[in-house]
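So the structure is just underneath, and the comments pick up after that.
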Amino acid sequence: MDAHRRYIEDRIAQGCHCPKLIWQEVRQRGYTGCRATVHGCIARLLSPQGKPVSAISPVRTLPCPSARRWLVRWRKIAVNEPKHVDHERFVQALCKIEPVVAEVRSLAREFLGLMHRRRPREFDRWLERLSKCSAPEMRSFAKSLRNDLAAVRAAFMLPWSNGQTEGHVNRLKYLKRQMYGRASIELLRLRVLRPN
């Protein structure tokens, strides 16, 4: 860190107080340490200047919405609560700033709608659009869907679900965690087979 201290001091003097950016810059200059060390150094350098350490940490005014709940929601929100409005405003701003997010959101919402309404004919067109998406993760998802296309089509056509199986697996794991380190497989078998 000592070899890069002068550079960090110069960057702070220039007005850059972003630890992540400075860490990336000193890494390009040969620093091999972690980002936390650079963050601590910047905090110590800023403290004598009378700036609080929290000034170098970004302040979050709104919790970041989860991708599953806010970015991918394909149905309209029924309740106009302030938190829903704030989150929707956040997502809209994010989509304006980064068009790839809007594209991914649109494709994800459409996929959920196709699965919920069971429309396999529209799936092929959607998969073609997914293959041409700007986000490499979505193109990778399209490739994995193509690799297991028969199972994906069966999910559209067949009424069965593995939800019940997943429920039993979850229950079994819960029982196992409750008894962790205190009982043998025989007691677990008794609790699973005779739950009462």
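The values are calculated or read from the model by the stated rules, or taken from the named source; none is laboratory data. Nothing here was measured: the structure is a model prediction, and the numbers come from that model. Neighbour counts are summed over all protein chains in view; Cβ atoms, including those assigned to glycine, are modelled from backbone coordinates with ideal geometry.
Suppose the filter is at pLDDT 80 or above and more than 26 Å from the chain's Cα centre (by Cα); does A154 pass it?
Against the criterion (at pLDDT 80 or above and more than 26 Å from the chain's Cα centre (by Cα)), A154 qualifies.
Exactly one of these conditions fails for G113: (1) modelled with pLDDT of 60 or more; (2) crowded, with 17+ Cβ neighbours inside 10 Å. Give me its number.
Result: G113 passes all but (2).
Name the residue that is nearest to the chain's Cα centre (by Cα), counting only residues in region 116-149 that are at pLDDT 90 or above and of a type in the set (G, A, S).
Only one residue fits best here, namely S140.
Going by the conditions given, is R129 on the phi > 0 side of the Ramachandran plot and surrounded by 12 or more Cβ atoms within 10 Å (Cβ to Cβ)?
no
For a quick check of your reading: which helices (runs of 4 or more DSSP H) sit entirely within region 119-196 and have at least 1 residues that are closer than 23 Å to R109 by Cβ and among the acidic types (D, E)?
Of the helices (runs of 4 or more DSSP H) lying wholly inside region 119-196, those with at least 1 residues that are closer than 23 Å to R109 by Cβ and among the acidic types (D, E) span 120-131, 136-147.
From the residues in region 94-115 that are of a type in the set (G, A, S) and farther than 17 Å from L158 by Cα, which one is nearest to the chain's Cα centre (by Cα)?
A108
Specify the residue that is farthest from L46 (Cα to Cα); the eligible residues are those in region 1-33 that are among the basic types (K, R) and not in a loop (DSSP other than H, G, I, E, B).
Step by step, filter region 1-33, then rank; the result is R27.
Give me a count of the residues in region 175-193 that are of a type outside the set (A, V, I, L, M) and either surrounded by 10 or more Cβ atoms within 10 Å (Cβ to Cβ) or in the same structural domain as G113 (by TED's automatic domain parsing) (or both).
Residues in region 175-193 being of a type outside the set (A, V, I, L, M) and either surrounded by 10 or more Cβ atoms within 10 Å (Cβ to Cβ) or in the same structural domain as G113 (by TED's automatic domain parsing) (or both): 4 in total.
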